[in-house]
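In what follows, a structure is listed as structure tokens, so that the remarks can point back to it.
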Amino acid sequence: MKVMRKVLVLVALVALLSPMILSTGCAKKTSKVDIGIVLPTKDEPRWIQDETRFQDALKNTNYKVEILFSQGDPAKEKTNVETLISKGIKVLILCPQDATAAAAAADEAAKAGVKVISYDRLILGTPNVDYYVTFDSIEVGQKQGQYLVDHATGKNNPLYLYAGALSDNNSFLFFLGASQVLQPKIADGTFVIANSDKAKALQNKKDLTRDEEASIIGQITTNWDFNTAKNLAEANLAVAPANLKGNVFILAPNDGTARAIADTFAADPAIKSYVITGQDAEKPSIQYIIDGKQSMTVFKDVRVLVKDAINVAITYLQGGTPESTKTYNNGAKDVPSKPTPVQVVDKNNVKQVLIDSGYYKESDFTWH
Ligand code: BGC
């Protein structure tokens, strides 16, 4: 009887413990996710580029990685981060849809012991950002501004200004870089601002404050959206007098909005020629450059950004501290970073920079 009781207790004990043993065994087998990546949207070629380059770069690592898209929705972004935290990530690479809203997701990740890497766009207003992997976004704006300056002769050239979304810190950096170069050329009469009285009111100030920038960007924002860009360009052209048409110059913040704005200007018979900027070297814009419909783009080699992000993530997984050459203040902290330089591409160097380097295939484009 005594023996029987002992056996029963043993059986009960095994029955009690076995699910635990099983579940830990299972957890090992399903192998948890090590690095979670959250990107803003699939609607822009730029972020598909990043996804593809991440997939290429990760083929040969032993870490398990999952990439999720937020489809322009900060709430979805937060859910994505929570999903990845529940899968046991140790490092989060997050490109915020809305810089301020993303702070809550970063805080949750930090609470779960996850390292947070802000990717391309800076997460604002929280100390829970460990690193910022980025291009030199002020340089992007400077290069856009410089291209317009280099292609303008004489005085009173109409200048149309457009910017990115107010919810994206990069919009401020791009615009700041561009205005550093453009403001002196507006002050000396080379350019006349055509579509922003707020920018006009501040045209003699070289170093715009963030609030001043915000007031201008609020008037010329595309919200990173093709339709908003097109509608704004149409509205600007509808009220522009003849002296603000003819041969014009357009600061467009990125490729997607540049194509929408360029098409709108091209459709106006009073526009004789336009020089328009862009950024991202998106394939459709490379075709526009080859076709003479977009003047330039700023090439940001996503392969380098992806490599940097993975290296930083692996450094964290191995308990190290990534190298930093510059900090970016996000309102709560100076975030360590190592910005990557960027390069101007126009029809003169497009083949050399993008095809000869193997970034894109020659057969991806129609050449003339
Ligand atoms: C990125 C650009 C991109 C834009 C719109 C910015 O934060 O730096 O490359 O074109 O967002 O998605």
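The values are calculated or read from the model by the stated rules, or taken from the named source; none is laboratory data. Since the model is a prediction, treat every value here as computed from it, not as a measurement. Ideal geometry is used to build each Cβ from the backbone, glycine not excepted, and the neighbour counts take in all protein chains shown. Just the protein is used for accessible areas: all its heavy atoms, side chains included, with ligands, DNA and RNA removed. Shrake-Rupley method; radii C 1.70, N 1.55, O 1.52, S 1.80 Å.
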Which members of segment 234-261 meet the condition of being part of a helix (DSSP H, G or I) and more than 16 Å from the ligand (Cβ to nearest atom)?
-> Glu234, Ala235, Asn236, Leu237, Ala238, Val239, Ala242, Asn243, Leu244
Is it the case that Ser179 is surrounded by 19 or more Cβ atoms within 10 Å (Cβ to Cβ) and away from the ligand (no atom under 16 Å from the Cβ)?
-> yes
Return yes or no: is Asp356 more than 30 Å from Leu124 (Cα to Cα), of a type outside the set (S, T, N, Q), open to solvent by 30 Å² or more (accessible area, probe 1.4 Å) and over 17 Å from the mean Cα position of the chain (by Cα)?
-> yes
From the list Leu124, Leu208, pick out the single residue that is assigned to a loop (DSSP other than H, G, I, E, B), surrounded by 21 or more Cβ atoms within 10 Å (Cβ to Cβ) and hydrophobic (A, V, I, L, M, F, W, C).
-> Leu124
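This table checks each residue for (1) within 30 Å of Ser118 (Cβ to Cβ); (2) without any contact (Cβ under 8 Å) to a residue 40 or more places away in the chain; (3) in contact with a His (Cβ under 8 Å, 6 or more places away or on another chain).
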residue	(1), (2), (3)
Ile271	no, yes, no
Ser285	yes, yes, no
Ser295	no, no, yes
Asp301	yes, no, no
If the Cβ limit is 6 Å and pairs must be 6+ apart or interchain, which residue in segment 142-164 that is modelled with pLDDT of 95 or more pairs with which residue that is aromatic (Phe, Trp, Tyr) and within 16 Å of the ligand (Cβ to nearest atom)?
-> Ala163/Phe175; Gly164/Trp224
With Val275, Val302 as the choices, which residue is within 25 Å of Phe172 (Cβ to Cβ) and touching a strand residue (DSSP E or B) at 6+ places or on another chain (Cβ under 6 Å)?
-> Val275
May I ask you to verify whether Asn227 is within 16 Å of the ligand (Cβ to nearest atom), part of a loop (DSSP other than H, G, I, E, B) and open to solvent by 40 Å² or more (accessible area, probe 1.4 Å)?
-> no
State all residues of segment 230-256 that are open to solvent by 50 Å² or more (accessible area, probe 1.4 Å) and either within 28 Å of the chain's Cα centre (by Cα) or not polar (S, T, N, Q) (or both); if no residue qualifies, say none.
-> Lys230, Asn231, Glu234, Ala235, Ala238, Val239, Pro241, Ala242
Qualifying positions in segment 132-164 - among the small types (Gly, Ala, Ser) and surrounded by fewer than 22 Cβ atoms within 10 Å (Cβ to Cβ) | Ala152, Gly154
Being within 16 Å of the ligand (Cβ to nearest atom) and of a type in the set (Gly, Ala, Ser) narrows Ala309, Ala313, Ala332 down to just Ala309
Asn330, sole failed condition from (1) assigned by TED's automatic domain parsing to the domain that holds Lys59; (2) open to solvent by 20 Å² or more (accessible area, probe 1.4 Å) = (2)
Scan segment 280-315 for residues that are more than 17 Å from the chain's Cα centre (by Cα), over 28 Å from Ala258 (Cα atoms) and open to solvent by less than 30 Å² (accessible area, probe 1.4 Å) and report the count.
-> 2
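Rundown of residues vs (1) out of contact with any Lys or Arg (no Cβ under 7 Å at 6 or more places or on another chain); (2) at pLDDT below 80; (3) exposed (fewer than 13 other Cβ atoms within 10 Å of the Cβ), yes/no style:
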site: Met4; (1), (2), (3): yes, yes, yes
site: Ser18; (1), (2), (3): yes, yes, yes
site: Cys26; (1), (2), (3): yes, yes, yes
site: Ser31; (1), (2), (3): no, yes, yes
site: Val38; (1), (2), (3): yes, no, no
site: Trp47; (1), (2), (3): yes, no, no
site: Asp50; (1), (2), (3): yes, no, no
site: Asp56; (1), (2), (3): yes, no, yes
site: Val65; (1), (2), (3): yes, no, no
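Check every one of the strands (runs of 3 or more DSSP E) wholly within segment 34-118 and list those with 1 or more residues that are away from the ligand (no atom under 16 Å from the Cβ), small (Gly, Ala, Ser) and more than 22 Å from Ala332 (Cα to Cα).
Passing ranges, in order: 35-39.
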Among the residues of segment 186-202, which ones are without any contact (Cβ under 8 Å) to a residue 24 or more places away in the chain and surrounded by fewer than 17 Cβ atoms within 10 Å (Cβ to Cβ)?
-> Ala187, Asp188, Asp197, Lys200, Ala201
Within segment 186-204, is there a residue that is in a helix (DSSP H, G or I) and among the hydroxyl-bearing types (Ser, Thr, Tyr)?
-> no
